[in-house]
Amino acid sequence: MTDHPLIRLNPGQERRLKSGYPWAFSNEIHMQPEFRQMAAGLPVRLEGDDGWRLGTFAFNPHSLIAARQLDRDPAAEIDAGWVRRRIAAAVALRARIMEGTFHRLVHAEADGLPGLVVDRYGDVAVVQANTAWADRMSPEIVAALLEELPLRAVVARNDSPVREHEGLSLEVALLHGTDATAVVEEGGVRFGVDLLSGQKTGWYFDQRGNRDRVAALANGARVLDVFSHVGAFGLRCAAAGALAVTLVDSSAPALEQALAAIAANGFSVVQTRRGDAFEVMAEAAHAGEQYDIVVCDPPAFAKSKKDQVAGLRAYGRMAGLAGRLVVPGGFLFVASCSHHAPLEAFAAVVADGLWRARRSGRILATTGAGPDHPVHPHLPESAYLKAQLLQLD
Ligand code: SAH
C-alpha cells in the first residue's frame, strides 16, 4: 500500500462513486480538520463509509469537487511513470483517430488526467492545468510530453478562470523552447497563432469535424459565416472552392485577424461585415439576400442555468433568421456551445425557429466536438458542443 492519506466519504455517499462516477464533492467527504490543512492536489486513498475501496483520487480541500479519480487501484503510485503512461495513451489514441498534428491531445477526465487539457499545434504543445493536481504535476506532465512527442516548445496557458475554483492563480508562461508562434494547418488553410499572447488562439479544434462537413459542400457555393470569429468556417469554405464568402462578427479584433489570414492564404472571395449578427441577418433577409450555405456558430447563449430559457429562445430566433437566408436546396449549420442547452432542447428550438420562418427541411447530421475531445462516460454533461447540419427546401 502507498502512504497516501486515507479519506472516507460520509455515510450513504458512496453509491455514485461505486458505479463509476469520478468525482466526490466536498459535502460528501468526512472532513477531518487535518484534511483541510492538506496541500491541494495530493493523491489520497478514498473509501466509502463502509470501507469500500474507491481508488486513488486527487484531493483538493479548497474545491467544491474535492476528490477526482486518478486510478481505480488504491495502491497506485502517482509518479512520473504513471503520468507518462497516461500521456502516452492519449498520444497513441490521437495517432489512431486524427489526421495531422493539430488537435486536442489530452481532454482531462476523459483521458484519465483530471483537469489537464493539452492542445497540439504541430511541434508546440499548449498545456492548461485546470486542477490543483494537474498544476502540481506540471513538471512531470511537461517531461512526459517532451518524451512522447518531437516538440520545440511547450506553453502554459493557465489563464482560465476555472483555476480560481481550485485556488490557483492565473498565469501564462513559456515552459520549454524559445518561440511560441505556430501555423495551424487545416484543410488547406494556414492560420498563424501566437500561443503566448493575451488573446485565445483563435482557432478552435472542437469544430474541426464540422468544418470538414461544411467545407465538403462549399465548392461553387455562396457562404455566409455568422458569428465567424476569425473566420475558420468561412476560410475552410474558401479553400474548398466557394464562390463568395461573407464573415459576420461584432468583434473588430476577430475580423482583423480574419483579414490577416485571408491575405496570408491569398483568398480573393472572402469579405467581412462587422455588426450584430441578429441585425445583419434581419437586414440581409429584408434585402432579399440568399446563400447556398449559412453557418451560425454563436457564443454560449445559455451561460448558466438561469439563462437557459432566454438562451434557448435566442438559438431559436437565430435559426429562424438564418433559415430565411438559405436558398431552397441549400444548407444551414447551427451550433451551441452552452453546457446549459441540452441537445434535445436545442434541436426543439431550432425546429421551432425554422417552422416560424416557414422553412422546412431535413437534418443531415447531429454532431458534437470531434473524437479528440472524448467524453467521460459518467460526465456526459461535459459534451458541451452540439450542432446540426440541415438541408432546407
Ligand atoms: N465560428 C468560430 C467561433 C465563433 S465564437 C470558429 O469556428 O472559430 C463566437 C463569435 O461570436 C465571437 O467571435 C464573438 O465576437 C461573436 N459574437 C458574439 N456576439 C455577437 C453578436 N451579437 N453579433 C455578432 N457576433 C457576435
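Just so you know, all these numbers are worked out from the coordinates, no wet-lab data involved. Everything numeric here is computed off the predicted structure, so don't read it as measured data. When we count neighbours, we look across all protein chains shown, and the Cβ atoms used for this are built from the backbone with ideal geometry, even at glycine.
Below is a table of values for the structure above.
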quantity: 3J(HN,Hα) from dihedral phi, segment 251-256, Karplus parametrisation 6.51/-1.76/1.60, rounded to Hz, x for glycine, proline; calculated: 9, 5, x, 5, 6, 5
quantity: Per-selection Kirkwood Rh - segment 168-233 (Cα, Å, 1 d.p.); calculated: 14.2
quantity: Ranking of ARG362, ARG16 by count of other Cβ atoms within 10 Å, fewest first; calculated: ARG362, ARG16
quantity: Environment charge at LEU243 (Cβ cut-off 15 Å; Lys +1, Arg +1, Asp -1, Glu -1); calculated: -1
quantity: Two-site label geometry, ARG152 and ASN27: point separation in nm, points 7 Å out along Cα→Cβ; calculated: 5.2
quantity: Leading residue at positive end of dipole, segment 349-393 (Cβ point charges), from SER360, HIS378, VAL349; calculated: SER360
quantity: Neighbourhood net charge (13 Å Cβ-Cβ; Lys/Arg +1, Asp/Glu -1) for ARG163; calculated: -3
quantity: Antiparallel DSSP beta bridges within the chain, as percent of all bridges there, nearest 5; calculated: 65
quantity: Per-residue HN-Hα couplings for segment 366-380 [Karplus 6.51, -1.76, 1.60; θ = phi - 60°; Hz; x = Gly/Pro]; calculated: 10, 9, x, 5, x, x, 7, 10, x, 10, 5, x, 9, 10, x
quantity: C-alpha center-to-center spacing [segment 107-122, segment 326-393] in angstrom; calculated: 25
quantity: Largest-first ellipsoid semi-axes for the chain, taking √(5λ) over the Cα gyration tensor eigenvalues, angstrom; calculated: 42, 25, 17
quantity: Segment 80-182 - Rg (one decimal) and Dmax (whole number), Cα, Å; calculated: 12.7, 37
quantity: Spatial extent of segment 219-374: Rg and Dmax, with the Cα atoms as the point set, Å; calculated: 15.3, 45
quantity: Projected-area mean, segment 6-71, by convex hull of Cα positions, square nanometres; calculated: 3.7
quantity: Charge context of HIS373, other residues only, Cβ under 9 angstrom, K/R +1, D/E -1; calculated: -1
quantity: Over segment 282-364 - Rg/Rh using Cα atoms and the Kirkwood inverse-distance radius; calculated: 0.98
quantity: Least to most buried among GLU148, GLU381 (fewest other Cβ within 10 Å first); calculated: GLU381, GLU148
quantity: Gyration tensor (alpha-carbon) shape descriptor, segment 223-292, a/c threshold 1.5; calculated: oblate
quantity: Only Lys, Arg (+1) and Asp, Glu (-1) charged, at Cβ; segment 80-182 dipole about Cα centre in debye; calculated: 300
quantity: Ranked ILE97, ILE7, criterion: other C-beta atoms within 10 Å, fewest first; calculated: ILE97, ILE7
